[in-house]
Amino acid sequence: MKTRANRIWFAALYLTLSLGTVEAQSSITVSAITGPLETALINGGTFLLGQTAVGDTASILLRVRNLSSAPVDITRYVALGAGFTLVARNVPFTIAGNASYDAILYFTPTAAASYSANLQINTFATQLLASGIGPPDLTILPTCNTSDPHTILFGNVQKGQTRTCNFTLRNPGTTPMNIPAFFITGSEFINPQPLATPFTLAVGQTISFSIQFKTATVGVKSATLSIQSQTFTLTATSFDAPLPTPVLDFSGTLTGGPATIASGQQVYVAMRLPSPAPFTSTGVLTMTLIPDSSLVTDDRAVVFLGTGLTSVPFSVQQGSTAVLLSGQIALGFQTGTTSGRIRFTLSQIASGFVSDPTVDLVIPRAPVELDLTQTGRTSGFLFVKLTGFDNTYSTGPLSFAFYNASGSLLQTVPADFSKEFQAYYQGTLTGSLFNASLQFNVNNAADAVASVEVTLTNSAGTTHSGRIPF
């Protein structure tokens with residue numbers, strides 16, 4: 001009797017375990033989630049994933065729910081079929097009571113064909129059906145373009161303005177093409193005449209549509225265009241409206257500077273806008289000398305005062321017309337000693353100007369400018385020292401007229417130092433300043449000479465020194 005009782009107890013225990021497994025399996029449900037839609041899968045049934053363009057990847061979320069309060073062991077979880085990839089936890093694993101587990105199923109067709117796979121979760125099984133089709137041809141019409149097949153460039157667009165890109169979509173295949181998805185993710189890119197989905201493209205059919213971009217902020221903007229299972233990145237760069245083209249004032253009315261610009265001056269430049277700035281901005285004002293003479297390429301004396309530089313920052317506040325140069329309402333600069341043009345260029349960090357703000361300040365050619373004349377004598381010799389500049393770099397013929405104490409002309413001595421001046425100036429970067437010392441032999445009669453008048457000639461005219469006493 002004891003042995004028989006033990007056998008009955010083991011049989012009952014086995015029966016109880018078997019019934020518990022059956023209850024656990026019946027508590028499992030499986031559903032497919034695509035976007036906001038959740039579809040229950042049927043054990044022993046089929047599920048259609050729809051069409052996916054060749055080379056693209058479609059994905060769905062598979063959710064396994066345990067509807068019972070007891071845990072369920074998942075010992076098998078696979079999707080067997082070419083083109084399908086299941087990303088799930090390695091088995092075995094357990095789903096707690098009244099809990100769920102999510103996995104992702106990917107479908108990537110490699111050719112235009114029909115595909116199937118068997119989804120098995122423990123004893124639950126369903127057949128997955130899908131098809132690979134050639135993608136529709138998307139053509140981007142001018143003036144928009146692409147950087148790669150899946151990136152569409154709207155270009156640079158002024159803030160608040162609208163840029164429209166036009167497209168065509170064509171079915172190149174031999175069967176009608178279902179387009180279940182056609183939408184834009186990103187509020188700054190819109191389709192003004194949205195296409196209701198799903199829709200079908202007949203064989204060879206082409207439809208047209210447009211996308212508009214508009215934003216109220218500055219920066220690089222992006223969105224996603226989804227067509228069927230394909231996605232395209234839409235990009236645009238938004239920038240502020242250009243600044244009104246500034247006015248540069250060299251008249252000296254703001255600072256009392258010279259009204260006529262010439263070499264050897266310190267001039268003040270002021271900058272203003274003809275209308276209030278639409279936004280706060282900064283930039284750089286740069287001076288560049290363009291010499292008349294082919295002997296030189298620059299004059300390093302053409303710099304802003306206090307900085308020794310040829311570029312200075314500028315700034316303007318939103319709503320203002322006053323532009324500050326290095327924080328000042330006006331800024332001085334040296335005109336140097338070279339004729340030509342001082343070109344002022346402006347670069348604005350954000351969006352540029354309405355029109356080209358380049359200004360050329362003309363430095364006219366001028367006769368030789370003498371800053372200092374000195375004379376001296378020794379027994380039998382006279383000395384003349386001349387300091388000045390020639391902004392044309394063409395000094396050559398000189399003439400020296402010597403006078404006695406009564407003012408009578410004693411003698412005129414001509415000279416031509418063209419070669420010497422040309423050699424001196426060749427390739428210089430420091431301007432046309434010169435310091436010339438000349439010596440004259442007067443045959444021991446130096447005391448008879450009371451004064452000298454020097455005449456210098458360049459391509460712009462003649463300069464007379466006036467009577468210089470010894």
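Okay, residues lined up against (1) in contact (Cβ under 8 Å) with a residue 60 or more places away in the chain; (2) in a strand (DSSP E or B); (3) surrounded by fewer than 17 Cβ atoms within 10 Å (Cβ to Cβ):
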site: Val30; (1), (2), (3): yes, yes, no
site: Thr39; (1), (2), (3): no, yes, yes
site: Ile42; (1), (2), (3): yes, no, yes
site: Leu49; (1), (2), (3): yes, yes, no
site: Ile60; (1), (2), (3): no, yes, no
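Filter the range 371-396 for residues that are under 16 Å from Gly264 (Cβ atoms), surrounded by fewer than 19 Cβ atoms within 10 Å (Cβ to Cβ) and touching a Leu at 6+ places or on another chain (Cβ under 7 Å) and give the result. Answer for the range 371-396, where residues must be under 16 Å from Gly264 (Cβ atoms), surrounded by fewer than 19 Cβ atoms within 10 Å (Cβ to Cβ) and touching a Leu at 6+ places or on another chain (Cβ under 7 Å): just Thr387. Selection of the range 97-118 for residues being open to solvent by 40 Å² or more (accessible area, probe 1.4 Å) and within 10 Å of Ala79 (Cβ to Cβ) yields Tyr106, Asn118.
Considering only residues that are in contact with a Ser or Thr (Cβ under 8 Å, 6 or more places away or on another chain), within 16 Å of Thr375 (Cα to Cα) and either of a type in the set (Gly, Ala, Ser) or crowded, with 16+ Cβ neighbours inside 10 Å (or both), which ones fall in the range 452-467? Before you say what the answer is, go through the steps one by one.
Residues of the range 452-467 in contact with a Ser or Thr (Cβ under 8 Å, 6 or more places away or on another chain): 452-460, 462-465, 467.
Keeping just the survivors that are within 16 Å of Thr375 (Cα to Cα) gives 452-455, 464-465, 467.
Passing the criteria: Val452, Glu453, Val454, Thr455, Ser465.
Name the single residue, out of those in the range 174-205 being in contact (Cβ under 8 Å) with a residue 60 or more places away in the chain and open to solvent by 30 Å² or more (accessible area, probe 1.4 Å), that is farthest from Val54 (Cα to Cα). Walk me through how you get there before you give the answer.
Keep residues of the range 174-205 that are in contact (Cβ under 8 Å) with a residue 60 or more places away in the chain, which gives 177-178, 180, 201.
Then keep just the ones that are open to solvent by 30 Å² or more (accessible area, probe 1.4 Å); that gives 178, 180.
On the way: Asn178: 14, Pro180: 16 Å.
Across the range 174-205, the extreme among qualifying residues is Pro180.
Could you tell me whether Thr237 is at pLDDT below 95, assigned to a strand (DSSP E or B), closer than 30 Å to Arg170 by Cα and within 22 Å of the chain's Cα centre (by Cα)? Here the answer is yes, as Thr237 does meet what is asked. Taking the listed residues Ser222, Ser147, Ser226, Ser208, the one that is exposed (fewer than 13 other Cβ atoms within 10 Å of the Cβ), in a strand (DSSP E or B), modelled with pLDDT of 90 or more and not acidic (Asp, Glu) is Ser208, with no other qualifying. Considering (1) modelled with pLDDT of 95 or more; (2) within 21 Å of Gly50 (Cβ to Cβ), the lone condition that Gln120 does not fulfil carries the number (2). Exactly one residue among Thr123, Thr75, Thr94 is in contact with an Asp or Glu (Cβ under 7 Å, 6 or more places away or on another chain), open to solvent by 50 Å² or more (accessible area, probe 1.4 Å) and more than 30 Å from Met177 (Cβ to Cβ), and that residue is Thr94.
The values are calculated or read from the model by the stated rules, or taken from the named source; none is laboratory data. Computed from a predicted model, the values in this text were never measured in an experiment. Quick reminder, even Gly has a Cβ in these numbers, built from the backbone with ideal geometry, and neighbours come from all protein chains shown. With ligands, DNA and RNA removed, areas are computed over all heavy atoms of the protein, side chains included. Shrake-Rupley method; radii C 1.70, N 1.55, O 1.52, S 1.80 Å.
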